[in-house]
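Read through the structure below, which is laid out as structure tokens, and then see the notes.
The values are calculated or read from the model by the stated rules, or taken from the named source; none is laboratory data. Owing to the predicted nature of the structure, the values given are computational and were not obtained by experimental measurement. Virtual Cβ from ideal backbone geometry, glycine too; neighbours counted across all protein chains shown. Ligands, DNA and RNA are stripped out before the accessible areas are found, and what is left, the full protein with its side chains, is counted by its heavy atoms. Shrake-Rupley method; radii C 1.70, N 1.55, O 1.52, S 1.80 Å.
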Amino acid sequence: MQKILDLISEEMKQAFEAAGYDPELGKATLSNRPDLCEYQCNGAMAGAKKYHKAPLMIAQDVAEKLQESSVLSEVSAVAPGFLNMRVKESFVRDYLRDMSGAEKFGFQTPGSKKIIIDYGGPNVAKPLHVGHLRSGIIGESIKRICRYAGHEVIGDIHLGDWGLQMGLIITELQKRQPDLIYFDDSYEGEYPKEAPFTISELEEIYPTASAKSKEDEAYKADAMEATYKLQSGVRGYRALWDHIIAVSVADLKKNYVNLNVEFDLWKGESDVHDMIPGMVEEMKKGGYAYESDGALVVDVKEETDTKEVPPCMILKSDGASLYNTTDLATIMDRMENFHPDRLIYLTDKRQDLYFEQVFRCARKTKLVNEETELIHIGFGTMNGKDGKPFKTREGGVMRLENLIREINEEMIRKIQENAETKGYEIDMEQAGETAKIVGLAAIKYGDLSNQASKDYIFDMDRFTSFEGDTGPYILYTIVRIKSILAKYEEQGGKLTDTVIQEATNVSEKSLMLELAKYNAMMETVCEEVAPHKICAYIYDLANAFNHFYHETKILTEEDQEKKAGWIALLTLTRDVLETCIDLLGFSAPERM
């Protein structure tokens, strides 16, 4: 289905051509003065030099050809040469009817690619904190957007589950419980199925071990030895590691479920550990990797560089691998097993240079095909009102589950206030479930309404407000529409019997024109993988609906055909809004 702007532009191009001018001058745009017109065309200004003619005269010639247009109701030439336009109500009606009956509202998918999105990236044995929020939220939305665009998408959490942190945990466990059979080299039986620690204990063990290693060289040496034993395949150490992973992943899944974030793959750095020696050997054989100050590196600088791009280090001087090594091996693994056309990574934007090095190294060493797209989407930080990274009141890093709990508690309070103001009783259990839904919208919309690369201030009071550019406001609008539709059905009406009619007032037409922007918006969102543009669109759409709602007595309208037309318009508005919030990763309750 064509975008509404393209249809208007086609009408303009035909008029330019009929008037004797280049049809390519007839590109229509949204008006930057909606008080004067709905759409505009500046082609006459561009044509003035080519045709040696005053732009106003060109505009007048074109306007004359549009007097009998089936698309435009008003066309006026305005000095110095603008064409101001309003579209016919019948044209907008027909366009929305087509949207209502079309799959994905007529959005045309650009084609299918296989995409792997690497997002989340938590370390095992550590609780999720607010620093993990943006990767999960943005990555989940981008995954959904890409799927909506028709791509085959695989989401991979890419766990930090290997390296010294594992050695630290094992070492601390051995200090505390030296008699555990995992540390008995002579033990040959089956290891227990139950872990010798809980998630709470595990989350306390790691920071304790990390602090000790920074103060005690012998302790750190023990941890490095434990890491070596683990990576060398010592049975007891591998069994303990399995417990660490199982306990951590179970807790991570619980937290990500609360964020409505789902991963297709739960792979980690450990999955490619055994691939690293072969990959390194191939890099040496190919002449890509060489020794520099004892370390193994690959030059990735290019002649066009305007800044210094250091070599990509593959192995440290002691032969140990790095994050670079693991990420390159992961790319190799993904190419061999999934053959993706595009790899997207979601991390803090401060890692831009790091990913530039890794991507260049992957291309230079032929780990990816020439046409494989490698994309890093770097996001800004979530800050407190002081402009610094978000902290607890005590100054520590806030656990993600605590942030979610605080948001939910605030939403319950506001739902209770709303019920008291309107004078009705609420079921507290139901209110709790509603608060979770609305709280998630507050968090996700608050984050996603900002361009990903920018820092933003996390303001709980503003994000949980039922007014303004917030998630709760969007949900309140959807719930209001659902309520009207339900009451219409209670009156005996059938939603399937309604058909959108021509607009009868300005606010109705404004709502219809906002709906008509959907396909153009979605095309841009999919091209730019830009969730914030969905947020901007649904905020404008919600405002347009609420303006129409406050000016129109929908359910008491006596003209049944007019009422049915409004109900059809509301049904489309609800469906578009719910599709959009699903792409953002949240949903709407039945009531608030």
- [ ] Could you pull out the residue among Arg97, Arg86, Arg147, Arg134 that is in a helix (DSSP H, G or I), open to solvent by 50 Å² or more (accessible area, probe 1.4 Å) and touching a residue at least 24 places away in the same chain (Cβ under 8 Å)?
- [x] Arg97
Task: Residue selected from the stretch 155-192 under the condition more than 30 Å from Ile145 (Cα to Cα) and small (Gly, Ala, Ser), by the criterion least open to solvent (accessible area, probe 1.4 Å) - done: Gly167
Task: Residue check for Asn450: touching a residue at least 24 places away in the same chain (Cβ under 8 Å), in contact with a Phe, Trp or Tyr (Cβ under 8 Å, 6 or more places away or on another chain), under 23 Å from Leu133 (Cα atoms) and open to solvent by 10 Å² or more (accessible area, probe 1.4 Å) - done: yes
Task: Meets criteria (modelled with pLDDT of 95 or more and open to solvent by less than 10 Å² (accessible area, probe 1.4 Å)) for Tyr256 - done: yes
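More than 25 Å from Thr347 (Cα to Cα), hydrophobic (A, V, I, L, M, F, W, C), open to solvent by less than 30 Å² (accessible area, probe 1.4 Å) and in contact with a helix residue (DSSP H, G or I) (Cβ under 9 Å, 6 or more places away or on another chain): does that describe Ala441?
Values: more than 25 Å from Thr347 (Cα to Cα): no; hydrophobic (A, V, I, L, M, F, W, C): yes; open to solvent by less than 30 Å² (accessible area, probe 1.4 Å): yes; in contact with a helix residue (DSSP H, G or I) (Cβ under 9 Å, 6 or more places away or on another chain): yes.
Answer is no for this residue.
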- [ ] Name, by its number, the condition in (1) assigned to a helix (DSSP H, G or I); (2) under 26 Å from the mean Cα position of the chain (by Cα); (3) touching a residue at least 60 places away in the same chain (Cβ under 8 Å) that does not hold for Met521.
- [x] (3)
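Within the stretch 58-69, track down each residue that is in contact (Cβ under 8 Å) with a residue 12 or more places away in the chain and open to solvent by 30 Å² or more (accessible area, probe 1.4 Å).
Passing the criteria: Gln60, Asp61, Glu64, Lys65.
Quick test for you: out of Ser141, Ser112, pick the one residue that is of a type in the set (S, T, N, Q), outside any strand (DSSP E or B), in contact with a Gly (Cβ under 8 Å, 6 or more places away or on another chain) and closer than 14 Å to Tyr256 by Cα. Spell out how you get there, then give the answer.
Numbers: Ser112 fails: closer than 14 Å to Tyr256 by Cα.
Just a single option satisfies the conditions, and that option is Ser141.
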Task: Residue tally, condition loosely packed, with under 15 Cβ neighbours inside 10 Å and of a type in the set (Ser, Thr, Tyr), over the stretch 455-502 - done: 2
Open item on the list: Can you go through Ser112, Ser73 and tell me which one is within 30 Å of Leu572 (Cβ to Cβ), touching a residue at least 40 places away in the same chain (Cβ under 8 Å) and small (Gly, Ala, Ser)?
Closed with: Ser112
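Yes/no per residue for (1) modelled with pLDDT of 95 or more; (2) surrounded by fewer than 21 Cβ atoms within 10 Å (Cβ to Cβ):
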residue: Ile4; (1), (2): yes, no
residue: Glu10; (1), (2): yes, yes
residue: Pro23; (1), (2): yes, yes
residue: Ala28; (1), (2): yes, no
residue: Lys50; (1), (2): no, yes
TODO: Out of the residues in the stretch 339-372 that are hydroxyl-bearing (Ser, Thr, Tyr) and within 21 Å of Arg134 (Cα to Cα), state the one that is least open to solvent (accessible area, probe 1.4 Å).
DONE: Tyr345
Task: Number of the exception - Gly423 against (1) touching a Lys or Arg at 6+ places or on another chain (Cβ under 7 Å); (2) under 30 Å from Thr556 (Cβ atoms); (3) open to solvent by 50 Å² or more (accessible area, probe 1.4 Å) - done: (1)
Open item on the list: Report every pair of residues separated by at least 6 positions or lying on different chains whose Cβ atoms are under 9 Å apart, first residue within the stretch 14-42 and at negative phi, second open to solvent by 80 Å² or more (accessible area, probe 1.4 Å) and assigned to a loop (DSSP other than H, G, I, E, B).
Closed with: Gln40/Asn32; Gln40/Arg33; Cys41/Lys27; Asn42/Lys27
Open item on the list: Take Ala542 and tell me if it is in a helix (DSSP H, G or I), among the hydrophobic types (A, V, I, L, M, F, W, C) and either open to solvent by 60 Å² or more (accessible area, probe 1.4 Å) or closer than 22 Å to Gly468 by Cβ (or both).
Closed with: yes
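Considering only residues that are among the β-branched types (Val, Ile, Thr) and either over 20 Å from Arg97 (Cβ atoms) or open to solvent by 40 Å² or more (accessible area, probe 1.4 Å) (or both), which ones fall in the stretch 545-567? If you could, list the steps in order and put the result at the bottom.
First, the residues of the stretch 545-567 that are among the β-branched types (Val, Ile, Thr): 552, 554, 556, 567.
Scanning the stretch 545-567 gives a single hit, Thr556.
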TODO: Could you give me the residue pairs with C-beta distances under 7 Å whose first residue belongs to the stretch 477-495 and is within 15 Å of His550 (Cα to Cα) and small (Gly, Ala, Ser), whose second residue is open to solvent by less than 40 Å² (accessible area, probe 1.4 Å) and modelled with pLDDT under 95 wherever it lies, and which are 6+ apart or on separate chains?
DONE: none
- [ ] Could you tell me whether Ile375 is open to solvent by 30 Å² or more (accessible area, probe 1.4 Å), under 22 Å from Lys143 (Cα atoms) and under 15 Å from the mean Cα position of the chain (by Cα)?
- [x] yes
